[in-house]
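Below is one structure, written out as structure tokens; comments come after it.
Nothing in this text is a laboratory measurement; each read-out follows from the coordinates by a stated rule. From a predicted model like this one, the values you see are computed outputs, not experimental measurements. Methodologically, a virtual Cβ is constructed for each residue, glycine included, from the backbone with ideal geometry; neighbour enumeration extends over all protein chains shown.
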Amino acid sequence: MQISADQIALVNKQINALVSAGSFYGKKLAEAGISAVNSQKEFEQLPFSEKADLRDAYPLGLMTAPEEEIVRIHSSSGTTGLPVIIPYTAKDVDDWGEMFKRCYEVAGITNMDRIQITPGYGLWTAGIGFQNGAEKLGAMVIPMGPGNTEKQLQMMQDMGSTVICATSSYALLLAEEIEKRGIKKNIKLRKGVIGSERWGEKMRNRIQESLGIELYDIYGLTEIYGPGIGINCSYNTGMHYWDDFLYIEIIDPVTLKPVPDGEWGEIVITTLVKEGAPLIRYRTHDLSRIIPGECPCGRSFPRLDTIKGRTDDMMKIKGVNVFPAQIEEILQSFPEVSSEYQIRISHLDGKDTMRIYVETSGHTDFQDLANRVASKVKSVIGFTPLVKVVEIGLLPRSEKKTKRVIDERFD
Ligand code: ZN
């Protein structure tokens, strides 16, 4: 994606603020003698920032605005070691709300909707992000937070919630509960805003059909405001993102060079107007691509494709690079398997093995299905996995993120 002159001017303001604050990235720039960029080429020579840099800045090394202007912090939960702390000014909080409001609007949600929010509240950006945007829109918020399915379903019926905000796993769990209890006639949901997890077409269709609602994918990460920086429109041709707040590049995760629009790679984000903790060329490790051309909806905001996974999800099995999304795509070509699956990789007798667990209903011949899935994986990816077919409902469902790949080689 070409960087515009307006965007370059904004990047230069961010560079200025970072250098004057002497934050980790400001120091990097000062050391490299960079005080401004004048072209795409110069921009692409700016150093990347990485999650590790942000962690090293713990606790408040990212703070770029004066203390009296910081109104809040959020934190992303690191799986290892220290978390990352992101300070926000009042304007940052407001900008984030503005972006999130735009997301709801693109999804056709209005101030007459009642929005039930199930992502968590607290240090992380999920629940409060959904809430800020909804309040800016003027909708009625039902701030449930996660878990307690019993109460969720009760409030959903009593309050007549029309929009559900959830992870895809939790939306699926709710959909299955609603079916099981036969309470669909009491449910007024019309839309779902689903965030923070990669999910496949099959799961999407399952939730969509069982609840009879339209679904929207929301994108975002704590380091860059939080959820709400992009969402798909009703044409479902990728997620529009807000290029007046962010500049997005796609890079090859190995060579670190930007790739042309349309090609897959890692999403790298530069904030354009952030005050509390601006980030330049932040490597998200999320895999996607810029979708070239115009969206049929006519919006001029550029589009990112659905997140395909993480650069660090890449599994090396028998010398072949494999992404979980590739396995998922193969499974989706079998109408008789459910949306749930699990991949287990282990090292037995000196060899890597991949076991794939899939679910189906009792009418299918399990062994025959297992053989067909195994040979499809062999033909597409190049090695034969062990496929284990189980009864529908046996694989774990979760209220948060479902862990689908378990690598037992390093246990
Ligand atoms: Zn569109």
Can you tell which of GLY226, GLY293, GLY26 shows the greatest fluctuation in a Gaussian network model of the chain with Cα springs below 10 Å? GLY293
With the 8 Å Cα cutoff and a minimum separation of six or more residues, the chain has a relative contact order in percent of 13 percent
With label points built 7 Å along Cα→Cβ from the Cα atoms of ALA9 and GLU263, find their separation and express it in nm. 3.2 nm
Two pseudo-spin positions, 7 Å from Cα along C-beta at GLU209 and at GLU294, lie apart in nanometres by 3.5 nm
Let's test the formula: R0 of 41 Å, r as the Cβ-Cβ distance of GLU150 and ARG72. What FRET efficiency results, to the nearest 0.05? 0.80
Span from the the stretch 225-285 Cα centroid across to the the stretch 74-137 one, whole angstrom: 17 Å
Estimated 222 nm signal from helices in the chain, with DSSP H stretches of n ≥ 4 weighted -39500 (n - 2.57), rounded to 500: -9000 deg cm²/dmol
Tell me, what is the FRET efficiency for SER39 and LYS351 to the nearest 0.05, using R0 = 51 angstrom and their Cβ-Cβ distance as r? 0.50
Assuming R0 = 51 Å, what is the FRET efficiency of GLU176 and ALA17, from their Cβ-Cβ distance, to the nearest 0.05? 0.60
In nm, what is the difference between 0.36 nm times the number of residues separating GLN326 and SER398 and their Cα-Cα distance? 23.7 nm
With springs connecting C-alpha atoms under 10 Å apart, model the chain as a Gaussian network and identify which of SER169, SER23, SER375 has the largest mean-square fluctuation. SER375
Comparing LYS378, LYS188, LYS136, which has the greatest mean-square fluctuation in the GNM of the chain with Cα pairs linked when under 10 Å apart? LYS378
Quick calc: nm separation of the 7 Å Cα→Cβ label points for LEU82 and PHE383 -> 3.8 nm
Candidate lysines - alpha carbon under 24 Å from LYS316, same-chain residues fewer than 8 apart omitted: LYS51, LYS257, LYS308, LYS351, LYS376, LYS378, LYS388, LYS401, LYS403
With the cut-off at 1.5 for a/c, could you classify the chain from its C-alpha gyration tensor as rounded, prolate or oblate? oblate
How big is the gap, in Å, between the Cα center of the stretch 184-219 and the Cα center of the stretch 357-411? 23 Å
